[in-house]
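Written out below as structure tokens is the structure these notes cover.
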């Protein structure tokens, strides 16, 4: 599974992790956290009566 993670201040050289994260996060976890963040942004927009991107 490929990975791109830019979720924390520990990213390699400030450019993101592309294998197992410096923090030890697995690719599947990074992907799930991205999906959760996207869903929460959509929920926040809906709560403010804004249209999703």
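The values are calculated or read from the model by the stated rules, or taken from the named source; none is laboratory data. Worth saying up front: this structure is predicted, and the values here are computed from it rather than measured. We place every Cβ from the backbone using ideal geometry, glycine too, and count neighbours over all the protein chains shown.
Just a few scattered comments:
- Residue among 41, 12 that alone is modelled with pLDDT of 90 or more, at negative phi and either surrounded by 12 or more Cβ atoms within 10 Å (Cβ to Cβ) or in contact with a strand residue (DSSP E or B) (Cβ under 6 Å, 6 or more places away or on another chain) (or both): 41
- Among the residues making up the range 18-32, those that are in a helix (DSSP H, G or I) and surrounded by 14 or more Cβ atoms within 10 Å (Cβ to Cβ) are 27, 29, 30, 31.
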